[in-house]
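Shown next, in structure tokens, is the structure this report addresses.
The values are calculated or read from the model by the stated rules, or taken from the named source; none is laboratory data. From a predicted model like this one, the values you see are computed outputs, not experimental measurements. Cβ coordinates were reconstructed from backbone atoms using ideal geometry, including for glycine residues, and neighbour counts include every protein chain displayed. For the accessible areas, the whole protein counts, side chains as well, though only heavy atoms, and no ligand, DNA or RNA atoms are used. Shrake-Rupley method; radii C 1.70, N 1.55, O 1.52, S 1.80 Å.
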Amino acid sequence: GWVARHVHGPLLLLGAIVVVSGVFSAFLVNDAICLVLAPLVLELALSLRRNPVPYLLAVAMASNVGSTATITGNPQNMLIGSFSQIAYPAFTAALAPVAALGLLLTFALLALAHRKDLHGAAFQARAPRLRVHRVLVLRSMLATALVVALFFAGQPPAKGAIVIGALLLLTRRVKSSRVYAEIDWSLLLMFTGLFIIVAGGQQELLTPDAIRSVGSLHLEVAPVLTVVTALLSNLVSNVPA
């Protein structure tokens with residue numbers, strides 16, 4: 001609603017979506033931000049009679065790039081943080097500048113690739129009419145701030161998220177069943193299946209000979225590791241890879 005009221009040009013709207021999607025994804029997981037923002041951005045773009053494609057691409061691309069910044073930005077980072085035991089502040093200090101640069105490049109590339117769609121005069125967007133549960137909004141904002149503080153304080157991210165999430169369910173204003181109904185169970189089931197496949201491959205296919213063969217690829221060289229990771233991520237999804 002704030003963006004709709006204050007942004008009056010196609011490029012400014014693109015930039016606002018990149019920033020919102022990228023920054024929120026750094027702390028609240030990119031998948032969740034895509035699920036939340038996509039319908040909102042689509043509704044806003046259509047209400048302005050603009051092609052929604054560059055704006056939806058901005059949500060998807062900025063959420064991936066922004067999620068690089070912290071351990072809790074995406075499941076891959078969570079796994080890396082868990083195995084490496086790198087502290088949350090140290091991880092963020094190293095990768096937040098990379099994510100910020102990536103968001104600038106995302107904006108520039110989308111503006112260049114969709115310059116025809118993003119050309120046009122200033123517009124006045126109508127802010128969506130919202131029903132606001134002020135108590136729930138304040139609780140949610142407080143919970144989000146608290147869980148991010150727990151991350152930086154060195155608490156295990158999984159414990160902090162599950163405890164604060166459980167506390168948010170303790171309310172008489174919204175039935176917990178309505179929250180559970182919003183969970184994409186089929187998506188979780190697909191990820192579970194991918195993990196089972198990868199675990200099976202790890203048990204049955206990673207023989208000593210296979211490991212020696214992989215060693216000959218020189219994965220300690222960053223460009224080689226990048227190519228192999230990209231290929232594997234497209235074959236079996238990035239999280240299991």
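Of the peptides 190-198, 24-32, the order by per-residue mean of other Cβ atoms within 10 Å, starting with the highest, comes out as 24-32, 190-198.
Summary of the geometry: the stretch 86-102 and the stretch 184-200, compared by the centres of their Cα atoms, lie 29 Å apart.
Taking the structure as given and computing Cα extents along the principal axes in Å, which label from [x] 53, 33, 32; [y] 49, 44, 34; [z] 64, 49, 34 fits? Only one option fits the structure, namely [z].
The alpha carbons of the stretch 113-217 occupy a box of 62, 49, 32 Å along the principal axes, longest dimension given first. When 119, 114 are compared by accessible area at a 1.4 angstrom probe, the order from most to least is 119, 114.
Membrane-span-like helices in the chain (whole DSSP H runs, Cα extent of at least 15 Å along the helix axis, mean Kyte-Doolittle hydropathy of at least 0.0): 10-28, 30-47, 53-66, 88-113, 134-152, 157-168, 185-205, 222-236.
For the stretch 154-241, the fraction of 1.4 Å probe accessible surface lying on carbon and sulfur atoms is 68 percent.
Rolling a 1.4 Å probe over the heavy atoms of the protein chains gives the stretch 191-235 an accessible area of 80 Å² per residue. Per-atom-type breakdown for the stretch 1-134 gives carbon and sulfur 69% of the accessible area (1.4 Å probe, protein chains only). Over all pairs of different C-alpha atoms in the stretch 1-135, the reciprocal of the mean inverse distance, the Kirkwood hydrodynamic radius, equals 15.6 Å.
Calculated on the alpha-carbon coordinates, the convex hull of the stretch 1-43 measures out at 68 cubic angstrom per residue. Of the GluC sites (Glu not before Pro) found in the stretch 158-241, the ones in coil according to DSSP and having at most 11 other Cβ atoms within 10 Å of their Cβ are 182, 220.
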